[in-house]
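Below is one structure, written out as structure tokens; comments come after it.
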Amino acid sequence: MSALRFGYITGPVIGALWCFIIATTVAVTMSFATGDPYRPSLLLSLLLGALAGGATLYGRMPVLGAGVAMTLLGLVGFGPMISGENAGFLGQLIGHAAVGGFTMLGLHVMLEECELGSLTRHEFEEAVIRFLTGFGYIFFTAIVLIPFYVMVMTSLKNQSELLQNPLDFSLDLSKGWDLLRSYTELFADFNFGIYLGNSFLISVITVFITLAFSIPGAYAVARLRFKGRAAFSRSILLIYMVPMIVLALPIYIAFSMTGLRNSIIGIVLIYPVTTIPVALYMLQGYFRGLPGEVEEAGLMDGLSRLQVIWKITLPLSLPAMASVSLYVFMIAWNEFLLAFMLLDDPSKFTLTRGIASLNSSEIPRQHLMAGAVIATVPIMVLFLGLERFMTKGLTAGSVKG
């Protein structure tokens, strides 16, 4: 394997970039958590990171000692992160220690196989891949967690705190249960219990209707032979080529003429139209992957086609049906356009429609954020609870050779 003369610059370059990334991440985190201003120092983070990366290669500097040194530099004002004048000592200590610790720990892992001098292509690529992996974890975690954190912290504020400093996302635990005041007011004054019940009922019914139509349809496309089968299989997702906003006016007119507008029944009828195509597409691919020998054995044992589906195919397809059910439930739970267009009676509002009604200058912002948290948490819990079940392969060992 050819050697690359990148050993002298790999450590300093990765160290400089990694230190700046860590300093930026910790600064944003500490600013949100404490309400005090923290910011990364571009010059010092690049310089100290380069020195740390080079030292890691040259002397295998101990992680703990280097982290302590970087923490002390931060406390005296020469670290990768700069804290505000009003920041407390404990916050500064935690922040600078986090910068130093995570910087050195990351460099120790990334540069573990690297040495000064020429590197093999494998060693160089391994270091770069580890750096990019660490950056990806931090970047995508921040994209997900920071908006959710801001949403939750804002929902726990009162109006005076938001007016005093809208960018202060710290939490005053001394308020006790009064922190949840926005949530109690949502259910007491804004009928959020009704919205939550409506969304749950509509989503569950949508899942059952979708499965009732998509399972036989997907099985027919995957297993049976009939005229137009290939065309039907390719055209399943054609409905998604037409934007829903284009169909909004015809749907509104049709539902108004038939008396289905502003009713739960109307929503239950229209939601499966948007979910059945994707369920058909997902299930037909799974059915094609099931071993046909199992179904043929059932037919040879005297089972009818419907009995084969019920007793053999569906039990083997539980992971796929769980995935489809969760996906359909999420679509119905989060759907907004049709609910906003067809529902005017607050007693019929879904959760998304109810949250939209809170987006008003007359309603405090913390109530809107509390409603968004209520809409988000059930889906997160449901997904985390079904994740293992969805990925579990029940077909393993179903066919014995």
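The values are calculated or read from the model by the stated rules, or taken from the named source; none is laboratory data. Computed from a predicted model, the values in this text were never measured in an experiment. FYI the Cβ positions are ideal-geometry reconstructions off the backbone, even for glycines, and counts take in every protein chain you see.
Things to note:
- For the residues Ser182, Ser160, Ser199, the requirement of being surrounded by 14 or more Cβ atoms within 10 Å (Cβ to Cβ), among the hydroxyl-bearing types (Ser, Thr, Tyr) and more than 23 Å from Met330 (Cα to Cα) singles out Ser182.
- A single entry from Phe131, Phe190, Phe89, Phe124 fulfils the requirement of being at pLDDT below 85, crowded, with 18+ Cβ neighbours inside 10 Å, out of contact with any Pro (no Cβ under 8 Å at 6 or more places or on another chain) and in the same structural domain as Ser41 (by TED's automatic domain parsing): Phe124.
- Residue within the stretch 225-234 that is in contact (Cβ under 8 Å) with a residue 60 or more places away in the chain, of a type in the set (Phe, Trp, Tyr), farther than 22 Å from Met369 by Cβ and assigned by TED's automatic domain parsing to the domain that holds Ile374 present: no
- Any hit, the stretch 2-24, residues being modelled with pLDDT of 85 or more, touching a Lys or Arg at 6+ places or on another chain (Cβ under 7 Å) and buried (at least 18 other Cβ atoms within 10 Å of the Cβ): no
- Test: residue in the stretch 110-126 that is over 20 Å from Trp18 (Cβ atoms), assigned to a loop (DSSP other than H, G, I, E, B) and not aliphatic (A, V, I, L, M): yes
- Qualifying position, being among the hydrophobic types (A, V, I, L, M, F, W, C), at negative phi and out of contact with any helix residue (DSSP H, G or I) (no Cβ under 8 Å at 6 or more places or on another chain), among Leu269, Leu280, Leu260: Leu269
- Yes/no for Ser199 being within 27 Å of Ser357 (Cβ to Cβ) and outside the structural domain of His367 (by TED's automatic domain parsing): no
- Residues of the stretch 303-318 that are buried (at least 18 other Cβ atoms within 10 Å of the Cβ) and either touching a residue at least 24 places away in the same chain (Cβ under 8 Å) or at positive phi (or both): Ile309, Thr313, Leu316, Ser317.
- Search result, residues across the stretch 329-361 that are of a type in the set (Ser, Thr, Tyr) and more than 24 Å from Gly385 (Cβ to Cβ): Ser347, Ser357, Ser360, Ser361
- Every test in (1) under 13 Å from Val278 (Cβ atoms); (2) in contact (Cβ under 8 Å) with a residue 60 or more places away in the chain is passed by Leu237 save one, and that test is (2).
- Checklist (1) over 18 Å from the mean Cα position of the chain (by Cα); (2) modelled with pLDDT of 85 or more applied to Ile374, failing item: (1)
- Residue check for Leu351: under 21 Å from Phe190 (Cβ atoms) and either surrounded by fewer than 17 Cβ atoms within 10 Å (Cβ to Cβ) or within 25 Å of the chain's Cα centre (by Cα) (or both): yes
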